[in-house]
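What follows is one structure encoded as structure tokens, with my remarks underneath.
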Amino acid sequence: MRTLVASLLTLQSKSLDGSTAEVAEHYGRLFRDFPKAEQRVLQVEGLLTVARILFGCSSPARAAHFARPALEWARRLGRPDLHRQAANDNGVYCLKQRDFAGALALLEEAYDVSRANGLEEGRLRALANMAACLQDAGYYGRAIEVNRLLLAVGAAAAGGATREREVAALANLVHCHLARGELQQALTAGERGAEVIGSEGANANALARYQFENFFNAALLEAGRIDEARQRLRQLRAENLPATPHTEVLLCLTQGLCETFSGQADIGISRLEQLLPRAERVGWYVDYVLRALIRAHEKGGDLRRALEYVDQLTLYFGAMRTHQLHQQLAQVQQEALGELDPASHAQVLLGDQAADLRVKSFNRTVAERERTLLENWAVAASLIDDETGRHCFRVGRLSYLMAVRAGLDEARADTIEMAGRLHDIGKIGINHQILLKPSMLTEAERIIIRKHPAIGADMLSKSTHPGARLAATVAATHHEWWDGTGYPRGLRHEDIPLETRIVALADVYDVLTTGRPYKQAWPHQMAVDELRFMSGRQFDPMLVEAFVEMVDEYVAVYGDGGDDAYRAALQDSAMLKRQDNIARLLADAG
């Protein structure tokens with residue numbers, strides 16, 4: 001077993017490519033199926049090494065396949081170092097597959113084990129990965145809090161690794177503040193990072209340094225500090241840091257933006273356009289380059305070209321998120337299928353009632369797991385511009401109550417509640433910075449926002465859940481208006497499905513009565529007055545008064561807290577549990 005581990009470590013030091021991945025998987029199967037429990041520690045170490053090699057080969061799903069059993073064994077070994085390491089690694093693999101709820105749960109586990117056993121380096125790693133998870137999910141406010149905690153916890157520690165982590169955390173703060181339109185805060189974080197980099201003994205790795213310079217450079221350019229941005233770029237090039245395909249993309253990206261803002265738009269845009277296929281080959285920073293091209297063309301006054309790249313960014317982001325969700329749905333279906341006796345379907349055809357019950361139970365299990373997964377994604381989308389994450393649940397609950405008020409049966413009302421929860425799932429395929437923009441949207445940004453219904457419908461298309469087809473229809477049509485002036489298809493009157501007309505009322509009412517980064521909450525009466533004003537224009541006039549009566553009664557009885565069913569849904573949400581746990585973690589650490 002020790003020889004196998006040593007061979008793996010040698011393999012890990014070599015070039016990571018397809019052939020390396022095949023060899024690693026062979027080792028992984030050997031470690032996974034090794035029968036001797038007394039060798040469990042080496043077995044866990046071997047599986048975690050296999051997983052890291054596969055992750056380095058850009059295969060997070062295959063990495064997770066071997067890392068999951070390693071974590072199960074590590075939890076029982078009584079070795080906090082291995083437990084922490086396995087939980088952290090599994091969290092990273094979930095993050096790269098966009099399973100944010102799963103990633104945060106595992107990273108919290110790594111943090112708790114580290115803190116309870118005095119593993120300070122493990123605690124810092126878990127915090128850094130939590131911050132990355134929150135940032136990738138678009139939860140910039142919470143990511144800022146965790147990055148600040150990371151800086152505070154690491155302040156007393158010494159060594160190059162801590163300085164490296166400090167630079168990375170400050171780079172992320174610059175990025176998060178820019179995404180929220182907080183230019184001054186971004187500059188403050190960037191200036192602090194520049195001081196750390198310039199201090200004696202600072203030793204950020206090349207990738208962390210290039211990321212920092214890219215983010216800080218963007219902030220300097222937006223602030224009009226162009227000479228300073230160009231000077232930092234010259235200094236970075238002069239340092240001749242170790243180059244990788246990833247750092248080369250970041251360097252060209254930074255240079256292209258500098259040229260664009262310095263009056264050399266033709267050169268800068270040409271550089272960025274040539275960079276795009278390189279970023280696609282590397283598999284990183286494609287969205288960064290596309291956003292830079294949009295900004296460069298806007299800066300140069302060519303809105304037509306900016307809009308072309310807007311379309312590319314939307315297609316890229318939406319397709320990426322859709323592919324990731326479809327992969328997770330396939331995994332749910334495959335895992336559930338593995339729990340079903342393969343002979344059961346044949347036995348059903350032969351009239352076996354017990355087998356029939358097993359198949360029906362299997363179908364219910366798959367449906368429940370898929371609904372949970374879809375709702376986690378819907379909450380993830382909601383949390384981007386609603387820090388409570390409760391919007392989708394409120395819309396679902398009000399849609400259910402309105403469906404009942406309209407005389408629909410219980411089963412149909414339940415399906416409409418699910419559709420209401422999932423109506424905005426497509427927003428997770430939209431650039432977060434646009435969703436969070438506090439100022440007026442540009443025409444290009446409005447076009448991007450209007451893509452989310454189609455993205456949502458596509459995301460839901462691969463689910464086998466009985467309610468997924470209706471949910472996809474509602475996602476695709478919930479911005480259609482009664483008078484035909486909505487989008488994306490300009491449907492009108494009864495061409496808009498009844499379920500959509502119900503969800504649209506619930507959606508707009510909840511948006512009006514809750515705060516957003518760009519607006520204050522409206523009082524209840526003001527919101528229902530607006531619904532009445534838009535009756536016959538945005539909303540079905542036959543539904544508006546019934547909805548107003550229903551919501552008047554609901555608010556009078558339950559207020560903002562909602563009824564028992566609504567509160568139970570919130571308590572069952574894995575994403576909201578993770579948010580609450582992080583809030584507690586921050587409070588305890590503070």
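The values are calculated or read from the model by the stated rules, or taken from the named source; none is laboratory data. If you're wondering where the values come from, they're calculated on a predicted model, not measured in any experiment. We place every Cβ from the backbone using ideal geometry, glycine too, and count neighbours over all the protein chains shown.
Things worth noting here:
- Scanning the range 281-312 for residues that are farther than 19 Å from Ile447 by Cβ and under 20 Å from the mean Cα position of the chain (by Cα) returns Gly283, Trp284, Tyr285, Val286, Tyr288, Val289.
- Helices (runs of 4 or more DSSP H) (entirely within the range 214-315) containing at least 3 residues that are of a type outside the set (D, E, K, R) and within 30 Å of Lys427 (Cβ to Cβ): 245-261, 265-282, 286-299
- Condition met for Arg489 (touching a residue at least 12 places away in the same chain (Cβ under 8 Å), part of a helix (DSSP H, G or I), among the basic types (Lys, Arg) and closer than 21 Å to Arg450 by Cβ): no
- Residue count for the range 505-524, restricted to those that are in a loop (DSSP other than H, G, I, E, B) and either over 26 Å from the mean Cα position of the chain (by Cα) or not hydroxyl-bearing (Ser, Thr, Tyr) (or both): 6
- Test: residue in the range 91-104 that is surrounded by fewer than 24 Cβ atoms within 10 Å (Cβ to Cβ), among the charged types (D, E, K, R) and over 22 Å from Gln328 (Cα atoms): no
- One residue stands out among those in the range 360-384 that are under 18 Å from Ala568 (Cβ atoms) and of a type in the set (Val, Ile, Thr): the one that is surrounded by the fewest Cβ atoms within 10 Å (Cβ to Cβ), which is Thr372.
- Identity of the residue in the range 458-471, in a helix (DSSP H, G or I) and under 20 Å from Met575 (Cβ atoms), that ends up modelled with the highest pLDDT: Ala471
- Exactly one residue among Ala110, Ala87, Ala101 is in a helix (DSSP H, G or I), out of contact with any strand residue (DSSP E or B) (no Cβ under 6 Å at 6 or more places or on another chain) and touching a residue at least 60 places away in the same chain (Cβ under 8 Å), and that residue is Ala101.
- Residue match in the range 24-40 (condition: crowded, with 16+ Cβ neighbours inside 10 Å, under 24 Å from Arg79 (Cβ atoms) and modelled with pLDDT of 85 or more): yes
- Counted as qualifying within the range 354-457 are the helices (runs of 4 or more DSSP H) with 1 or more residues that are modelled with pLDDT of 85 or more, namely 391-405, 410-422, 443-449.
- Those residues of the range 164-219 which are small (Gly, Ala, Ser) and more than 14 Å from Ile144 (Cα to Cα), in sequence order: Gly193, Ala194, Gly198, Ser199, Gly201, Ala202, Ala204, Ala206, Ala208, Ala218, Ala219
- Every listed requirement among (1) of a type in the set (Lys, Arg); (2) more than 22 Å from Gly484 (Cβ to Cβ); (3) in contact (Cβ under 8 Å) with a residue 24 or more places away in the chain is met by Lys519 save one, (3).
- Pair list, Cβ < 6 Å and 6+ apart or interchain, from the range 554-565 residues that are free of Cβ contacts under 8 Å to residues at least 40 places away in the same chain and within 19 Å of Gln525 (Cβ to Cβ) to residues that are of a type outside the set (D, E, K, R) and surrounded by 14 or more Cβ atoms within 10 Å (Cβ to Cβ): Val555/His524
- Test result for Ala265, within 28 Å of the chain's Cα centre (by Cα), surrounded by 15 or more Cβ atoms within 10 Å (Cβ to Cβ), at negative phi and touching a residue at least 24 places away in the same chain (Cβ under 8 Å): no
- Condition check for Arg84: farther than 30 Å from Gly198 by Cβ, basic (Lys, Arg), surrounded by fewer than 24 Cβ atoms within 10 Å (Cβ to Cβ) and at pLDDT 95 or above: no
- Lone unmet requirement of (1) touching a helix residue (DSSP H, G or I) at 6+ places or on another chain (Cβ under 8 Å); (2) of a type in the set (Lys, Arg); (3) closer than 30 Å to Gly181 by Cα for Arg489: (3)
- Test result for Leu221, modelled with pLDDT of 95 or more, over 18 Å from Leu293 (Cα atoms) and crowded, with 17+ Cβ neighbours inside 10 Å: no
- Ala161 fulfils the conditions (1) over 15 Å from Leu207 (Cα atoms); (2) at pLDDT below 85 except for a single criterion, (1).
- Test result for Ala527, in a loop (DSSP other than H, G, I, E, B) and surrounded by 14 or more Cβ atoms within 10 Å (Cβ to Cβ): no
- Residues (under 15 Å from Phe212 (Cα atoms) and either among the β-branched types (Val, Ile, Thr) or modelled with pLDDT of 95 or more (or both)) located in the range 236-247: Thr247
- Among the candidates Gly515, Gly467, the residue that is under 23 Å from Arg390 (Cβ atoms) and buried (at least 16 other Cβ atoms within 10 Å of the Cβ) is uniquely Gly467.
- Residue count for the range 385-395 satisfying the condition of being crowded, with 23+ Cβ neighbours inside 10 Å and either within 21 Å of Arg321 (Cα to Cα) or out of contact with any Asp or Glu (no Cβ under 6 Å at 6 or more places or on another chain) (or both): 3.
- Members of the range 482-508 found to be closer than 16 Å to Met542 by Cα and buried (at least 18 other Cβ atoms within 10 Å of the Cβ), listed by number: Trp482, Ile496, Pro497, Glu499, Thr500, Arg501, Ile502, Val503, Ala504, Leu505, Ala506
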